[in-house]
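Structure first, commentary second.
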Amino acid sequence: MLKCKNRFLQVIMMLILFSATGFSSMECFIAEPEGYCKQAIITARREIWQKINAGGAGSGSVAIMDNGNLMYFEGFGMSNREKRIPVNADTVFNIASVSKVFTAAAIMRLVDSDRVDLDTPVINYLKGFSMADPRYREITVRMLLNHTSGIPGTTMANTDGYSYNTMTNDLILENLRQSHLIHKPGAFAVYCNDGFSLAEMIVEVVSGKTFADFLTDEIFIPLKLEKTGVAADASEKGIPAIYYAAADGEARPLEIVSALGAGGLSANVLDLCRFADCFSDEGNHIFSPTSLKEMKLPQPCKFSDKVKNDFMSFGLGWDYTNLPQYKTEGIQVLGKSGDSMHYGTMLFTVPAIRLSVAVTMTGTEPEAIKIAGDLLKDVLVGKGIFTNSEEKVNLPVLPQALPEDYAKYDGYYVGSSGNLSRICVDSENNRVNIHSFINGEMLPAATFYYNNGNLYDEPFNENYYYFLSTENKDYLMLSALGTDYLYMEKLEALSNPRSLIIDIEGKQWLRRNVRPFEINTLASNHIQVSHSLENLPGYSFFNGIQRIESPYFANYAANTMREQKDLTLFKQEGNWWAQTFDLLYSSAEKVTVLEKPSVAIAIGKKGYSEWLRIPTTCFLTVKISGTGKVIVFSSDGSVDTIIHEEGDDNGMIFIEEGSFIEFVGNPGDIFSLKRY
C-alpha cells in the first residue's frame with residue numbers, strides 16, 4: 001500500500017512539474033516516435049532523469065540529427081528555476097572542451113586560404129611564444145591540435161571564473177615562457193589545453209580579427225549556428241542553463257572559461273549537430289576536400305605503434321577518430337567531450353551516413369559521454385547499421401602465475417596530474433597490488449591478477465591493464481573497449497638524488513595569485529602542503545610530484561602524464577615563495593596572526609591575495625569595500641566559508657582556532673574585520 005501511495009505522489013509531482021514548465025512543441029521534438037530513434041528516446045529519458053534524480057546533474061538536452069534532419073530533440077529540467085524556464089531550444093550550455101573542434105576548424109579555414117600550414121612551427125606565426133625548453137621551436141601547428149606538442153597542460157589561474165578575463169592569453173604566454181616541455185614534440189599524445197589557446201592566438205594574429213569574430217564570420221554564419229558563441233556572451237545567444245548545486249539547490253553564477261580556444265564556447269545541442277554535419281560526406285561543407293579529409297584522420301604520435309590494440313589517437317580537435325566497436329564493422333565515429341566544473345557535453349558524428357548525436361548537461365557528474373554513447377548505439381542498431389549482438393556471458397579470468405620478469409615492474413609510478421602510486425609485485429601470491437597516495441599517506445591496495453599477459457581487477461571485467469617496456473621506460477597501460485591508454489609511468493630511481501634549498505616536509509603554502517572572479521570551486525587548491533618521501537630521494541611533492549634538478553627548481557617527474565606541475569622556489573620579502581607551473585604560493589610560516597580586535601586588510605598593487613591566521617576560536621564580522629571576496633579555511637586547509645558581498649557587514653562568522661582567512665580582491669580593495 002505504501003509503495004502505491006508513493007507512486008501516486010510521484011505521478012502528481014510529475015504532472016505539477018510539466019504544467020509549471022509549459023512544454024512547447026520544440027521542447028520535445030520527435031520526428032519518428034515509432035521509428036529507429038525509439039529506443040534512443042527511451043534511453044535518453046531514463047538515463048538523464050536518473051542522473052538528475054541522483055543529484056549528478058541538474059538539467060540537460062539531447063539532439064539526434066540524421067541526413068541533415070532533426071529526428072529528436074528534448075530538454076530535461078529547468079534552465080532557470082527562479083523564472084520557471086524549462087530547458088528548450090533556446091537554452092545554451094557551456095560546451096567546455098568541445099570548443100576545441102571549433103578551434104581546429106578555424107585553423108583549417110586558414111589552411112584553406114593558404115595563410116596557415118599545419119606542419120610549420122608555431123613560432124613562425126606567434127612571435128611572442130617562447131619557452132624555457134629550447135625544443136619548443138619544434139612545435140608545429142598540427143601538434144597544438146592533436147595534443148603532441150609536449151606542453152604540460154593547463155594554465156588555470158584565473159581562467160575559469162565568473163567573468164571573462166581579457167588578460168588570459170597574455171598570462172598563458174607569460175607562464176609558458178618560464179615552463180619546460182614534458183616530452184619531445186611529437187613523441188607522445190598528452191592532452192593539453194594550452195595548445196589550443198596558442199591555436200586561438202594564431203587565428204587572431206593571422207586573420208587580424210578577434211577569435212570570436214573569426215568564428216562568427218567563418219563558421220557560425222555559414223553553418224547557421226545562431227545559438228553558438230562565447231560563453232561570456234551566452235545571454236546574447238539564448239537562455240543560459242544555470243547550474244544549481246545539489247547540496248543546497250542554490251544557483252551558482254554562470255561559469256566563464258576565458259581560454260576560449262580550449263573551452264570557452266557555449267551552444268545548444270541543435271547547433272552542435274549542425275556543426276558536426278559539416279564533417280559528413282554530404283553535409284554543409286565549409287572546408288576544402290583536402291582539409292575535410294584531414295579533419296577526419298587519426299593523428300598518431302610516435303608511441304602509437306608500441307601498444308597492443310588501437311592507441312588513443314586524437315584527431316585535429318577530436319578526442320576520437322574511431323571507436324573500436326564500430327571500426328571493426330567499417331563505421332567511423334568522430335567524437336569530442338567537454339567537461340568543466342559544472343557542465344558536461346558530448347558530441348558524436350558518423351560522417352559516412354551523416355548522423356550526429358549531442359548531449360549537454362549541467363552538474364558535477366553528468367556523464368554526458370556515456371549517455372551520448374548509449375544513444376549513438378541505439379540509433380545505429382535501430383537503423384540496422386550496427387549489429388547489437390546479445391550480451392555475451394564472460395567467462396571468469398582465472399589467475400595465473402606471474403612471469404618471472406614481473407619483478408622489474410615493482411616501484412613508484414606517476415599518473416595524471418602528477419599523482420603518485422606504488423606498485424608492489426607480489427610473486428609469492430601471484431598478484432600485483434597498487435597503492436594510491438593522499439598527502440603522502442599510502443592508501444590500502446587495489447589487487448590485480450595476471451592472466452595471459454594482462455592484469456585484471458575483476459574476474460569478469462573486459463577491461464584490463466598491462467605493463468609495457470620500451471626505450472628503457474616502463475608503463476602501465478589501460479585497455480578499455482578495445483582502446484589502449486597510457487595510465488601510469490614508472491619513476492626513475494635516481495643514482496645521484498638532489499635536494500631543495502629548504503626542507504619542504506609538511507610545510508603549508510598559501511596561494512597568492514587569485515583574482516575575485518576566479519571560480520570558487522578552485523579554492524580547494526589555495527592551501528597546499530608540500531612533502532617528500534623517504535623511499536624516493538630526489539623527488540618533491542607539491543601539487544603533484546617533481547624531480548629535483550637544483551636547490552631552487554624541480555621539473556616534471558614523468559614524460560607522458562597530463563597536468564603535471566614543476567616547482568620553483570624563491571625568496572621574497574623575507575619569506576619563501578613557490579611557483580608550481582602557473583600557481584603562486586608563499587609559505588604559511590610568515591603569515592600574519594590576527595591579534596587585534598579590529599583590522600583593515602588592503603590588496604596591494606600586484607593584486608596578490610592577503611592572508612591571516614586566527615589563533616583562537618572567535619566570531620568575526622567582515623565588511624568588503626570593493627569587488628573582493630573572503631574565504632575562510634579550517635585548520636586542515638578545507639574550505640569553510642566564502643563571502644563575496646560588497647558593502648554592509650555580512651553578519652558574524654564563527655572561526656575555529658587555527659583557521660586561515662584569505663582576502664581576494666583587486667588592487668585597492670579593503671576588507672574591515674572585527675573580532676568578538
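The values are calculated or read from the model by the stated rules, or taken from the named source; none is laboratory data. Note that this is a predicted model, so its numbers are computed, not measured. Here the Cβ positions follow ideal geometry from the backbone for every residue, glycine too, while neighbour counts run over all protein chains shown. Only protein heavy atoms, including side chains, enter the accessible area calculation; ligands, DNA and RNA are left aside. Shrake-Rupley method; radii C 1.70, N 1.55, O 1.52, S 1.80 Å.
Worth pointing out:
- Total residues in the stretch 148-167 satisfying the condition of being farther than 30 Å from Y243 by Cα and in contact with a Phe, Trp or Tyr (Cβ under 6 Å, 6 or more places away or on another chain): the figure is 0.
- Scan of the stretch 38-59 for residues that are of a type outside the set (S, T, N, Q), farther than 16 Å from L376 by Cβ and open to solvent by less than 20 Å² (accessible area, probe 1.4 Å), ordered by number: G56, A57, G58
- Taking first residues from the stretch 375-387 that are within 13 Å of T43 (Cα to Cα) and partners that are open to solvent by less than 40 Å² (accessible area, probe 1.4 Å) and among the aromatic types (F, W, Y), the Cβ contacts under 8 Å between residues at least 6 apart in sequence or on separate chains come to L376/F348; K377/F386.
- Residues (of a type outside the set (S, T, Y) and open to solvent by less than 20 Å² (accessible area, probe 1.4 Å)) located in the stretch 620-645: L620, V622, I624, G626, G628, K629, V630, I631, V632, F633, G637, I643
- Whichever residue in the stretch 479-510 is within 21 Å of the chain's Cα centre (by Cα) and surrounded by fewer than 17 Cβ atoms within 10 Å (Cβ to Cβ) and, among such residues, is farthest from V591 (Cα to Cα): A480
- Unmet requirement for A246, which otherwise passes all of (1) surrounded by fewer than 18 Cβ atoms within 10 Å (Cβ to Cβ); (2) at pLDDT 95 or above: (2)
- Cβ-Cβ under 8 Å pairs, at least 6 apart or on other chains, the stretch 41-54 side farther than 17 Å from A31 by Cβ and part of a helix (DSSP H, G or I), far side among the polar types (S, T, N, Q) and open to solvent by 60 Å² or more (accessible area, probe 1.4 Å): none
- Scanning the stretch 325-341 for residues that are farther than 24 Å from E282 by Cβ and either out of contact with any Ser or Thr (no Cβ under 6 Å at 6 or more places or on another chain) or of a type in the set (G, A, S) (or both) turns up Q325, T328, S337, G338, D339, S340.
- Residue satisfying condition, being of a type in the set (K, R), over 24 Å from the mean Cα position of the chain (by Cα) and part of a loop (DSSP other than H, G, I, E, B), within set K571, K596: K596
- Annotation note: Cβ proximity below 8 Å between a residue of the stretch 316-334 that is among the aromatic types (F, W, Y) and a residue that is surrounded by 21 or more Cβ atoms within 10 Å (Cβ to Cβ) and part of a loop (DSSP other than H, G, I, E, B) (sequence gap 6+ or interchain) occurs for Y320/V333; Y326/V333.
- In the stretch 87-115, the residue that is farthest from A358 (Cα to Cα) out of those that are open to solvent by 10 Å² or more (accessible area, probe 1.4 Å), touching a residue at least 24 places away in the same chain (Cβ under 8 Å) and not hydroxyl-bearing (S, T, Y) is R115.
- K3 being modelled with pLDDT under 95, among the basic types (K, R) and either surrounded by fewer than 21 Cβ atoms within 10 Å (Cβ to Cβ) or within 20 Å of R274 (Cβ to Cβ) (or both): yes
- Pairs are defined by a Cβ separation below 6 Å, a sequence spacing of at least 6 or placement on different chains, a first member in the stretch 551-574 that is hydroxyl-bearing (S, T, Y), and a second member that is open to solvent by 20 Å² or more (accessible area, probe 1.4 Å); the pairs so defined are Y552/I501; T560/F188; T560/L486; T568/F553; T568/Q579.
- Checked against the criterion of being in a loop (DSSP other than H, G, I, E, B) and under 30 Å from Y244 (Cβ atoms), the candidates T387, T360, T364 yield just one match: T364.
- Residue list for the stretch 332-342, filter: over 16 Å from F102 (Cβ atoms) and either assigned to a strand (DSSP E or B) or out of contact with any helix residue (DSSP H, G or I) (no Cβ under 7 Å at 6 or more places or on another chain) (or both): D339, H342
- Residue count for the stretch 449-468 satisfying the condition of being touching an Asp or Glu at 6+ places or on another chain (Cβ under 9 Å) and part of a strand (DSSP E or B): 6.
- Note on the stretch 511-559: among residues that are among the hydroxyl-bearing types (S, T, Y) and surrounded by fewer than 22 Cβ atoms within 10 Å (Cβ to Cβ), the one that is farthest from W611 (Cα to Cα) is S550.
- Against the test of being among the aliphatic types (A, V, I, L, M), within 20 Å of L481 (Cα to Cα) and touching a strand residue (DSSP E or B) at 6+ places or on another chain (Cβ under 9 Å), the options L355, L395, L380 yield a single qualifying residue, L380.
- Once the stretch 438-450 is narrowed to residues that are touching a strand residue (DSSP E or B) at 6+ places or on another chain (Cβ under 8 Å) and either in contact (Cβ under 8 Å) with a residue 40 or more places away in the chain or open to solvent by 90 Å² or more (accessible area, probe 1.4 Å) (or both), the residue that is farthest from Y406 (Cα to Cα) is N439.
- Qualifying residue in the stretch 128-141 (condition: part of a helix (DSSP H, G or I), open to solvent by 10 Å² or more (accessible area, probe 1.4 Å), among the hydrophobic types (A, V, I, L, M, F, W, C) and without any contact (Cβ under 8 Å) to a residue 60 or more places away in the chain): no
- For the stretch 646-676, the set of residues classified as open to solvent by less than 30 Å² (accessible area, probe 1.4 Å), modelled with pLDDT of 90 or more and of a type outside the set (V, I, T) consists of G658, S659, F660, E662, F663, G665, D669, F671, L673, listed by residue number.
- Screening the stretch 265-309 for residues that are of a type in the set (D, E) and surrounded by fewer than 18 Cβ atoms within 10 Å (Cβ to Cβ) and picking the one that is nearest to F188 (Cα to Cα) gives D305.
- Filtering the stretch 572-603 to residues that are under 16 Å from I502 (Cβ atoms) and open to solvent by less than 60 Å² (accessible area, probe 1.4 Å) leaves Q572, G574, N575, W576, W577, A578, Q579, T580, Y585, S586, S587, A588.
- Residues (surrounded by fewer than 21 Cβ atoms within 10 Å (Cβ to Cβ) and of a type in the set (D, E, K, R)) located in the stretch 60-86: R81, E82, K83, R84
- Residues of the stretch 154-211 that are open to solvent by 20 Å² or more (accessible area, probe 1.4 Å) and in a helix (DSSP H, G or I): N169, D170, L171, L173, E174, R177, N193, E204, V205, V206, S207.
- Which numbered condition K377 fails, given (1) open to solvent by 40 Å² or more (accessible area, probe 1.4 Å); (2) closer than 24 Å to Y475 by Cβ: (2)
- Once the stretch 310-328 is narrowed to residues that are of a type in the set (S, T, N, Q) and part of a loop (DSSP other than H, G, I, E, B), the residue that is surrounded by the fewest Cβ atoms within 10 Å (Cβ to Cβ) is T328.
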